[in-house]
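This report concerns only the one structure given below.
Read the figures in this text as sums done on the coordinates, not as results from a lab. Since this is a predicted model, take the numbers as computed values, not measurements. Heads up, the Cβs are rebuilt from the backbone with ideal geometry, glycines too, and the neighbour counts pull from every protein chain shown.
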Amino acid sequence: MVNLSTFDIALIIVFFAITLFIGIYVSKQSGKSSVEYFLSGRSMPWWLLGVSMVATTFSTDTPNLVTDIVRTNGVSGNWVWWAFLITGLLTVFVYAKLWRKSNVNTDIEFYELRYGGAPARFLRSFRSIYLGIIFNILAMAGVTLAAIKIGSVMLGLQPWETVVYAGVITVTFSALGGFKGVVYTDFILFFTAMAGALGAAYYLVGLPEIGSLEALLQHENVVDKLDILPDFTDKEALITLLIIPLAVQWWSSWYPGAEPGGGGYIAQRMLAAKNENHAIGATFFFNIMHYALRPWPWIIVALASLVIFPDLASIQEAFPNVTQDKLGHDLAYSAMLTKLPSGLLGLVLASLVAAYMSTISTHLNWGASYIVNDFYKQQINKNATDKQLVRVGRLSTVILMICSALFAIVLTNALQLFDIILMFGAGTGLIFILRWFWWRINAWSEISAMFVSGIVSMVLAFTRLGDYLFSDSGLMPSYAKFPMIVLLTTIVWIMVTYLTKPETNMVLQNFYKKIQPGGPGWSKVVNEAEKNNIKIVDSNEGWSVPSGIVAMMIGCIFIYSIMFATGSLLYGEYSRAFILLGVVLVSGFILIKLWKKIRANVL
């Protein structure tokens, strides 16, 4: 537990006051209509949306998750989420434009644009509850769990005290300010959180127990954790940490903020952009910051924690007030922050509060948008006025906050929740990628994938069958569990697709006419329309997907090179760093050329 100085407390109070002021200031305009409340009138510039995306994914649980990963599997363990860069850049160069063209209010509304009839209506309503409430509460619970651990270690707070103090202010400005309040405060939250993360990393490596960054990297507890790529001679580590994330996970699994084909709160920000170019610019900026630069301060603190708190016993000894059910390696990040001096401590605590508020406020507004637009308005009150929709949105915000806080109290660690969410979405991602470009996918494809993935995941995760099939003594190694869920889900949804009727020509033609997805996957629909003298193809728009895929691959080289170069500079490997910086420049130049092709719709 730390003792906060008057200056530390003042910093935190000022920060709270600013965020509340913004929420109250924009509340009148946000309350004018549901489009204003959830999308800020579709008028947001790319730089503000990009910063908001980065701030949202800062989160209090992310540094805890990274710390847990580094302490357990080393730096290379981060490929479990670094692999999602491929998904992110596919969204940038292929799907951002398509989402903005759809002009829907939520990505769930997309279902009744792409599909038709009762299955589409069911899918929209069910997914609004499934994602907006169940998945959303899980994600927010993970963030709140991190806040509970920070409050317990740094301030000696009970879980309920952390939930009340942090939750009340967050839910207040979220409910009042709506999406505009969230995005405006995100701009302040981002810089506060970034300054806190960098300041903490810089100070902590200079602690007497560590000495310097160079001494840290040579410490016996750290040297075997530094590799950015896993040991290629360790088959299980290679498959688990690198091959499965890069070969299977990025395209197959749905995860908030990294959905294949875009979606969730990333889609919400793309839909709020001024136009397609602003949507693309926002998502590209987000991916650069999220993957290339921001993780390193957390990684450095995680490595330093191995010197100060080499195992769970040392954490328990230093913080005996932490209950056994909350003890985990992710606690090490909060434990390290107790070493900070006055002033910097206040800034870092404010940055953690900023990370918490940014993520929770986004999830609250995003989840409420599903409840209002895709459930309440569709199933309960189709004639609801804008004032009624905003009122329901604000009430939903409060209820979501309460439910996620209660669930957070029973969780143990962030990695546990991350694994559960990944498995629940396993196998569904391929549909989200293909549904824009293959006419044959229908509503039943998605319904079957969603249920099979959820049921199989629960059976394998929470019954003895999972241990019998996937364990050291089971029929298959534990790392085969995720690919097996993906395989079973994919087989089922493909079978269901061909066993059920396709969408009607009217639905497919209307979708094509509005979105202009292009490609051979729609040739049957285009040819059918031409036979009936129905014009659905815009001759002024070429198919930019091939160029977009190439740009995605070059973009991966560009961003991964920045990430590796930053790591090499920190590790003191300057020759490798300069070579990687050369790769960054070359790939960046090629990327600019490709972007011009995509904008001009050159095939």
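Listed values for region 435-441 are Karplus-derived 3J(HN,Hα) couplings in whole Hz (6.51 cos²θ - 1.76 cosθ + 1.60, θ = phi - 60°), namely 4, 6, 10, 9, 4, 6, 5, and x replaces Gly and Pro. Region 499-531 and region 254-330 have their alpha-carbon centroids 39 Å apart. Put simply, the amide H of MET476, placed in the peptide plane, has neighbours under 5 Å in PHE470, SER471, leaving out anything fewer than 5 places away on its chain.
Extending 7 Å from Cα along the Cβ direction at VAL550 and again at THR72 yields two label points whose distance is 4.1 nm.
For ILE13 and SER478, compute 0.36 nm times the residue count separating them, minus their Cα-Cα distance, and round to one decimal in nm.
Extending this stretch completely gives an extra 162.7 nm.
In the structure shown, the pairs LYS235/LYS481; LYS101/LYS274; LYS535/LYS593; LYS97/LYS377; LYS97/LYS596; LYS514/LYS535 are assessed against 21 Å; a Cα-Cα span above that value is assigned to LYS535/LYS593; LYS97/LYS377. If R0 is taken as 22 Å, the Cβ-Cβ distance between TYR165 and LEU395 corresponds to a FRET efficiency of 0.50.
If R0 is taken as 25 Å, the Cβ-Cβ distance between GLU214 and PHE578 corresponds to a FRET efficiency of 0.85.
Protection proxy ranking of 552-564, 9-21, by the mean of other Cβ atoms within 10 Å over each peptide's residues and highest first, is 552-564, 9-21. Considering helices alone, the calculated mean residue ellipticity of the chain at 222 nm is -21500 deg cm²/dmol, with DSSP H runs of length four and up weighted by -39500 (n - 2.57) and normalised per residue.
Consider a paramagnetic label point 7 Å from the Cα of ALA118 along Cα→Cβ; state which residues of region 373-393 have an amide N under 17 Å from it. The answer is 379, whose backbone nitrogens lie closer than 17 Å to the label point. The string of couplings for region 66-81 from the Karplus curve (6.51, -1.76, 1.60, θ = phi - 60°) is 4, 4, 4, 5, 5, 5, 8, 10, x, 4, 5, x, 5, 5, 4, 10 Hz, one whole number per residue in order, with x for Gly and Pro. Exposure proxy ranking for THR397, THR6, THR362, based on other Cβ atoms within 10 angstrom of each Cβ and starting from the fewest, stands as THR6, THR397, THR362. The eigenvalues of the Cα gyration tensor, multiplied by 5 and square-rooted, give region 122-195 an equivalent ellipsoid with semi-axes of 25, 19, 12 Å from largest to smallest. Summarising the amide proton neighbourhood of SER253: residues at separation of 5 or more, or on other chains, whose placed amide H is nearer than 5 Å comprise GLY427, GLY429. Shown for THR504, THR162, THR490: other C-beta atoms within 10 Å of each C-beta, ranked fewest to most, produce the order THR504, THR490, THR162.
Remark: region 186-202, residue by residue, has Karplus-estimated 3J(HN,Hα) of 4, 4, 6, 4, 4, 5, 5, 5, 5, 4, x, 5, 5, x, 5, 4, 4 Hz, where x stands for each Gly or Pro and the curve is 6.51 cos²θ - 1.76 cosθ + 1.60 at θ = phi - 60°. Using a cutoff of 8 angstrom between alpha carbon atoms and counting only pairs six or more residues apart, the relative contact order for region 426-500 works out to 44 percent.
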